[in-house]
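A.B. asks: This is the structure I want to talk about, given as structure tokens.
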Amino acid sequence: GAPFLHFKFSILNGLPSLCSCLHPSSLFNTSCLLLFICASSPAIFPSNTMSVTIHTTIGDVKIEVFCDTAPRTAFNFLALCASGYYDGTAFHRNMKGFMIQGGDPNGTGKGGESIWGGKFNDEFHADNKHDVRGQVSMANTGINTNGSQFFITYERQPHLNNVYTVFGRVLDGWDTLDQMERLPVEGEAATKKRNKFRPINRRL
């Protein structure tokens, strides 16, 4: 069966912040996205950031999305969240001390498209580094191949800088992230090599 760690999203802050995430070349109908925006962002947030909560079967993780330093990537992620694209999908790859990866509607690690369809370019910024636990980045299969998959780091991973686009960071839910890291995976018993780091299917 599919891995048990399923999730869905809530976009938590206000309408003014959305505008800074809109990319001029976007083809997405933003009227759909606006319906999912609820309360105003906290005062401690600058006006060009947004927060999203990932609701998993073992708890919530709240992340800040970098609309200012990764606007196109942030818009893609927020639009996919709001469209329900991620709802019911699973984290298919979990590597202790490294990262946990999800965002593939097929659950295989080989699927997923951007909000525009297909892939889009990398978006690197000097301020966005894999320098601490809880950085949120796009997964890819090479240069300029971003789609819908993303990962959350468990530790600093400087070798990933300027290879994978960092577009957010964990704000809250560190206990949930700790639990994620401890989840058992299929390991050497996996029937397929690519499933070695897949969380074992079980109910919580």
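A.B. asks: Classify segment 114-193 as rounded, prolate or oblate, taking a ≥ b ≥ c as the square roots of the eigenvalues of its Cα gyration tensor: rounded when a/c is under 1.5, otherwise prolate if a/b is larger than b/c and oblate if not.
C.D. replies: It comes out oblate by the Cα gyration axes.
A.B. asks: Right, next: If you rank ARG198, ARG182, ARG156, ARG133 by how much accessible surface each has, with a 1.4 Å probe, what is the order from largest down?
C.D. replies: Output order, biggest surface exposure first: ARG182, ARG156, ARG133, ARG198.
A.B. asks: Continuing with the same structure: Using modelled backbone amide H atoms (1.01 Å from N, in-plane), which distant-in-sequence or interchain residues come within less than 5 Å of ARG93's amide H?
C.D. replies: Close amide H contacts, sequence-distant or interchain: GLN101.
A.B. asks: Expressed in nm to one decimal, what extension gain is obtained for the pair LYS192 and VAL132 from 0.36 nm per residue of sequence separation less their Cα-Cα distance?
C.D. replies: 18.5 nm
A.B. asks: I want to check the label-to-label distance for THR145 and HIS125. Put each point 7 Å from Cα in the C-beta direction and report it in nm to one decimal.
C.D. replies: The modelled label-to-label distance comes out at 2.6 nm.
A.B. asks: Could you put LYS110, LYS192 in order of accessible surface area, largest first, with the 1.4 Å probe and the full protein assembly present?
C.D. replies: Result, largest first: LYS110, LYS192.
A.B. asks: Taking amide H positions as placed in the peptide plane 1.01 Å from N, state which residues far from GLU123 in sequence (5 or more) or on other chains have amide H under 5 Å from it.
C.D. replies: For GLU123, the qualifying residues are THR165.
The values are calculated or read from the model by the stated rules, or taken from the named source; none is laboratory data. On a predicted model such as this, the values are computed, not experimentally measured, just so you know. Cβ sites come from the backbone with ideal geometry, for glycine too, and all protein chains shown count toward neighbours. Ligands, DNA and RNA are stripped out before the accessible areas are found, and what is left, the full protein with its side chains, is counted by its heavy atoms. Shrake-Rupley method; radii C 1.70, N 1.55, O 1.52, S 1.80 Å.
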